[in-house]
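The values are calculated or read from the model by the stated rules, or taken from the named source; none is laboratory data. Worth saying up front: this structure is predicted, and the values here are computed from it rather than measured. Ideal geometry is used to build each Cβ from the backbone, glycine not excepted, and the neighbour counts take in all protein chains shown.
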Amino acid sequence: MGFRERGIEIKTPDQIEKMRVAGLLTGETLELLRTSARAGISTGELDAIAEENIRSHGGIPSFKGYGHPPFPATICASVNDQVVHGIPGDRVLVDGDIISIDCGAIVDGWHGDAAITVAIGEVPAEVVELMRVTEESMWQGFAAARLGGRVSDISHAVESYVRSQGEYGILEDFTGHGIGTEMHQPPNVPNYGRPGRGPKLERGLALAIEPMVTLGGKDTEVEDDDWTIVTEDGSWAAHFEHTFTITPDGLWILTAIDGGKARLAELGAPYGGS
Ligand code: MG
Ligand code: MG
């Protein structure tokens, strides 16, 4: 492992294999939460499920104790107009809610980071569409990434897709990021911008891509708990995230259970996992 321009951490193939272990545990924990999220369960109960699953598989929840004030939980649980960084607790999910769940795990010193938004029961069609557009924009971002390209190729693909689908807000205050021995590393990966800029996409780079999209504007506020980010206009928001890397063969979505193989095939993007 070395550090190149602007503190970007370049991993060896063996280290990427270790990141896959952390990524898989993160992805499997989110799948468990997807099937657990239903009307009547509290966000605190979801958090307990996540922590138990991560620790019982030899991982450490990376969010717990992160930042200032220290984040108190294993997952971020953000409901409806909460976009990201919601603190799990007594709030009980009801039919018609959507919940964005962000989760990170450390295994053997390496990080995985991923997020999903889940509908609880029936939600309006425009909310289903918001979730679809947000998730698809992330995949469009992956599909735009290739060795020798630039970080903002991803940003441009995410934004272009969202804009092509209708009137949505794309958060600018929060971005994707490099990841490896720390959860948040350079470079930032904005969800908007012109292509062909920023650091070069090279072998051994690992990035988390995480579009945050709203049914209204892009502006946000922080709640009194100093963590929870809500939309300023009260519009609902979705958030999807995966950690990925690029090998000489193609893309490897480290936090996807199948490494991204199926979805990448649909997009005509090469799969580069082992
Ligand atoms: Mg995350
Ligand atoms: Mg992240």
Filter result (surrounded by 12 or more Cβ atoms within 10 Å (Cβ to Cβ) and free of Cβ contacts under 8 Å to residues at least 24 places away in the same chain) within segment 53-64:
ARG55, LYS64
May I ask you to list the residues in segment 29-41 that are in contact with a helix residue (DSSP H, G or I) (Cβ under 9 Å, 6 or more places away or on another chain) and not in a loop (DSSP other than H, G, I, E, B)?
THR29, LEU30, LEU32, LEU33, SER36
Just to be sure before I move on: is LEU264 of a type in the set (A, V, I, L, M), within 16 Å of ligand 1 (Cβ to nearest atom), more than 21 Å from VAL213 (Cβ to Cβ) and within 20 Å of the chain's Cα centre (by Cα) in the structure I sent?
no
Can you confirm whether ILE41 is under 30 Å from TYR168 (Cα atoms) and at pLDDT 95 or above?
yes
If you check SER137 against the conditions, is it surrounded by 23 or more Cβ atoms within 10 Å (Cβ to Cβ), closer than 28 Å to THR245 by Cβ and more than 13 Å from ligand 2 (Cβ to nearest atom)?
yes
I need the full set of residues from segment 146-178 which are more than 16 Å from ligand 1 (Cβ to nearest atom), assigned to a loop (DSSP other than H, G, I, E, B) and within 16 Å of the chain's Cα centre (by Cα), in order please.
GLU172
Which of the residues that make up segment 189-222 are under 15 Å from LEU130 (Cβ atoms), buried (at least 24 other Cβ atoms within 10 Å of the Cβ) and away from ligand 1 (no atom under 16 Å from the Cβ)?
THR214
Quick check: is even one residue across segment 44-53 at positive phi and at pLDDT 95 or above?
no
Look through THR181, THR175 and report the one residue that is surrounded by fewer than 17 Cβ atoms within 10 Å (Cβ to Cβ), β-branched (Val, Ile, Thr) and out of contact with any Ser or Thr (no Cβ under 8 Å at 6 or more places or on another chain).
THR181
For the subset of segment 234-259 comprising residues that are charged (D, E, K, R) and without any contact (Cβ under 8 Å) to a residue 60 or more places away in the chain, which member is farthest from ligand 2 (Cβ to nearest atom)?
ASP249
Subset of segment 20-52, residues surrounded by fewer than 23 Cβ atoms within 10 Å (Cβ to Cβ), of a type in the set (S, T, N, Q) and either under 24 Å from LYS261 (Cα atoms) or out of contact with any strand residue (DSSP E or B) (no Cβ under 7 Å at 6 or more places or on another chain) (or both), comes to THR35, SER36
I'm trying to understand the selection: among the residues of segment 241-255, which are surrounded by fewer than 24 Cβ atoms within 10 Å (Cβ to Cβ) and assigned to a loop (DSSP other than H, G, I, E, B)?
PRO248, ASP249
Which ones in segment 166-223 are within 12 Å of ligand 2 (Cβ to nearest atom) and either of a type in the set (Gly, Ala, Ser) or farther than 22 Å from ALA77 by Cβ (or both)?
GLY176, GLY178, GLU182, GLN185, ASN188, VAL189, ALA206, LEU207, ALA208
Condition test on GLY58, is it farther than 30 Å from TRP236 by Cβ, not in a helix (DSSP H, G or I) and not aliphatic (A, V, I, L, M)?
yes
Just checking, does segment 192-215 include any residue being touching a His at 6+ places or on another chain (Cβ under 6 Å) and of a type in the set (Phe, Trp, Tyr)?
no
Is it the case that VAL127 is β-branched (Val, Ile, Thr), farther than 30 Å from ALA39 by Cβ and surrounded by 19 or more Cβ atoms within 10 Å (Cβ to Cβ)?
no
For segment 75-114, which residues satisfy the criterion of being within 22 Å of MET138 (Cβ to Cβ) and part of a loop (DSSP other than H, G, I, E, B)?
ASN80, ASP81, HIS85, GLY86, ASP97
